[in-house]
Each structure stands twice: as C-alpha cells, then as structure tokens.
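Every read-out reported here was derived from the displayed coordinates using simple, explicitly stated rules and does not represent laboratory data. Everything numeric here is computed off the predicted structure, so don't read it as measured data. Methodologically, a virtual Cβ is constructed for each residue, glycine included, from the backbone with ideal geometry; neighbour enumeration extends over all protein chains shown.
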Amino acid sequence: MPAQTLRGGPPVVIAHRGSSRIEPEHTLGAYKRAIRDGADGVECDVRLTADRHLVCVHDRRVDRTSDGAGVVSALELAALEGLDWGSWKASHLDEDEMPLRHKAQILTLRQLIRTVQRAERQLDLVIETKHPTRYSGDVERALVALLAEFELLRPGRINVRLMSFSSMAVQRMARLAPHLERVQLTELPTALRFMDALPPNVHMVGTRIAVVRRIPAFVKRQHNYGHQVHVWTVDELEDVHLCLELGVDAIITNRPAMVREAVDAA
Ligand code: G3P
Ligand code: CA
C-alpha cells in the first residue's frame with residue numbers, strides 16, 4: 001500500500017543524467033529519451049569549463065565518459081566539443097541493448113534548458129553543482145546568471161530545483177536564487193545527523209537508496225520536518241516499490257521507463 005508523498009499524489013520520476021541506463025549519460029540523446037520514456041523531470045550535474053561555460057558532466061575528469069583525457073575545468077568548451085561522449089557506452093551495454101553504439105557531443109546546460117523548454121509537457125529540471133567549494137561560488141553564480149537569462153529564477157513552466165552535497169553551496173544558492181527549491185544531498189554518515197537536525201534553507205533532502213533501505217524511517221522523519229525526500233539511484237523494481245511504500249517524493253532513476261510504469265501501476 002503506497003504511503004502519501006508530502007504534497008500528496010504519486011512521486012515524481014526524475015531521469016538521472018537522462019535515460020542513462022541505455023543512452024550515454026548527460027547527452028542530448030539520453031535526455032530526449034528520458035522525455036519519451038515519460039519522466040516527470042531530468043537531473044543533471046554541472047561543472048564549469050576553463051572558459052566559464054556550464055557543461056553537463058558528472059566526473060571531475062573527462063576520461064570515463066569521453067574519448068579524451070583531462071580535467072573538465074582545465075579544458076575550454078571547444079576542446080570538449082571535439083571529444084566523443086557517446087561511444088564509451090557501448091562496452092557497458094548488454095547484447096540486447098545494442099545498437100546504441102553512437103558518437104555524441106558534450107551537452108551544455110544551455111542546450112539542456114532549451115531541450116526541456118521545447119518539450120511538449122511541463123518538466124522538472126533538477127541541477128546539481130559538483131564540487132562547488134573548489135570554485136568558491138563561481139558555479140552557482142554562473143548557474144544563476146544562466147537561469148536568469150532564461151527567466152527561470154521563479155517556478156514556471158519549468159520547475160528548476162537546485163541541489164548539492166555541499167551545504168555551503170546550498171546556502172549560496174538560497175541567497176542567489178531564493179525563489180527556487182533547494183535539495184540538500186546527503187550520504188551516510190551525514191544523513192544520520194539530518195535525522196535530528198534540519199539543514200537551514202532547504203526544501204528537500206536527497207539520499208541514496210541504500211540509506212533508505214537501511215533506515216526506512218528517514219523518509220517519515222524528513223516529512224515530519226516538512227522536507228520532501230529525493231532518492232537516487234532507484235533502478236530495481238523492488239526499490240521502486242520500497243519508495244512507494246515509504247512515500248518518497250521524487251524517484252531518481254537511470255531507467256525512467258521502468259519506474260514510470262511501476263508508479264503508474266501502483
Ligand atoms: O540525484 C542525486 C545524485 O545524482 C547524486 O549522486 O554521484 O549520481 O551525482 P551522483
Ligand atoms: Ca547528480
């Protein structure tokens with residue numbers, strides 16, 4: 001029997017780095033597929049390039065998800081555009097998931113915003129700043145400037161949510177973009193601290209599925225504080241069912257088609 005989410009209704013299904021189980025993560029193809037797969041929203045990680053462009057890349061280095069080498073923040077956008085961000089994925093897929101052996105371009109946050117804007121239905125855009133403390137606020141400032149350019153600093157057709165593992169970054173975003181919802185990400189052991197003490201200026205708490213499996217009461221406790229709960233990365237059906245039973249508010253998944261079906265059937 002599903003429990004209530006904090007705002008009532010079913011949990012939202014958020015595609016983690018796009019439909020990244022099958023498509024190469026953070027590519028345009030992964031996000032277009034997520035929209036086709038029925039996701040309510042998309043998640044992305046952002047980093048600054050050497051010439052101050054926001055790009056959607058998870059790792060500090062380009063090595064795992066492209067055919068290049070080096071640190072994202074030390075490379076200019078033109079150099080990142082010269083790399084192939086798609087072909088690496090083929091070696092991670094099963095036979096039946098072929099032929100997804102294709103090249104892909106790096107995705108800028110600007111391009112992702114345009115894609116979300118062009119979608120036929122309203123979507124959430126959940127943006128995570130990666131290791132923002134190293135940039136001493138540059139990532140958040142660049143992010144808020146870009147959102148301002150697209151008139152996204154207040155909830156509208158696109159509901160932008162900002163998140164980070166760094167509470168310093170979350171507080172900075174609270175000052176720079178006070179009208180947007182903010183998610184404090186947390187892993188063990190910090191998640192345990194949040195069972196009893198509220199991080200300020202936060203609307204939602206995001207944590208890993210392993211934390212929820214181990215401490216199911218985490219969800220109810222956060223709801224009592226008025227915090228919605230995001231859980232990542234929920235790629236197994238039994239974990240989707242656990243999230244539904246606990247009233248998790250946002251399910252972050254690499255497999256939005258599977259989660260969509262399970263949520264709709266519940
Ligand atoms: O949705 C939060 C989640 O994306 C945080 O972990 O490493 O996948 O960015 P990571
Ligand atoms: Ca992320």
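Arrange the peptides 64-73, 22-31, 228-237 so that the one whose residues have, on average, the most other Cβ atoms within 10 Å appears first. Please report the intermediate quantities before stating the final value.
Details: 64-73: 16.5, 22-31: 24.7, 228-237: 21.5.
For the peptides 64-73, 22-31, 228-237, the packing ranking is 22-31, 228-237, 64-73.
Scattering from region 1-89 was approximated by placing one identical point on each alpha carbon and applying the Debye formula without solvent; log10 I(q)/I(0) at 0.12, 0.15, 0.20, 0.22 1/Å stands at -0.44, -0.61, -0.90, -1.02.
Here the Gaussian network model covers the chain, with springs between Cα atoms less than 10 Å apart; of ASP51, ASP59, ASP239, ASP51 fluctuates the most. Each peptide in 170-178, 158-166, 39-47, 118-126 receives the mean, over its residues, of other Cβ atoms within 10 Å, and ordering these scores from highest gives 39-47, 158-166, 170-178, 118-126. Across the chain, Cα-Cα pairs more than 28 Å apart make up 32 percent of the total.
For the chain, build the charge dipole from Cβ charges (+1 Lys, Arg; -1 Asp, Glu) around the Cα centre, then report which of LEU242, MET163, GLN117 sits farthest towards its positive end. Final value for the positive-end residue is MET163. Build a GNM of the chain with springs between Cα atoms under 10 Å apart, and of PRO199, PRO189, PRO216 the one that fluctuates most is PRO189. For region 121-266, what class follows from the C-alpha gyration tensor (a ≥ b ≥ c being the square roots of its eigenvalues): rounded when a/c is under 1.5, otherwise prolate if a/b is larger than b/c, else oblate? Judged from the Cα gyration tensor, region 121-266 comes out oblate (a/c at least 1.5, b/c at or above a/b). A straight Cα-to-Cα reach below 20 Å connects LYS32 with the aspartates and glutamates GLU23, ASP40, GLU43, ASP45, GLU81, ASP84, GLU97, GLU120, ASP124, GLU128, ASP235, GLU261, residues fewer than 8 places away in its own chain not being considered.
Of THR253, THR49, THR115, the residue with the greatest mean-square motion in the GNM of the chain, using alpha carbon springs below 10 Å, is THR115. Taking amide hydrogens as placed 1.01 Å from N in the peptide plane, the amide H of LEU123 sits under 5 Å from those of ASN159, each at least 5 positions away in sequence or on another chain. Here the chain is assigned +1 on the Cβ of each Lys and Arg and -1 on the Cβ of each Asp and Glu. Its dipole about the Cα centre then comes out at about 800 debye. Taking the Cα centre of region 164-235 as origin and assigning +1 to Lys and Arg Cβ atoms and -1 to Asp and Glu Cβ atoms, the resulting dipole is close to 100 debye.
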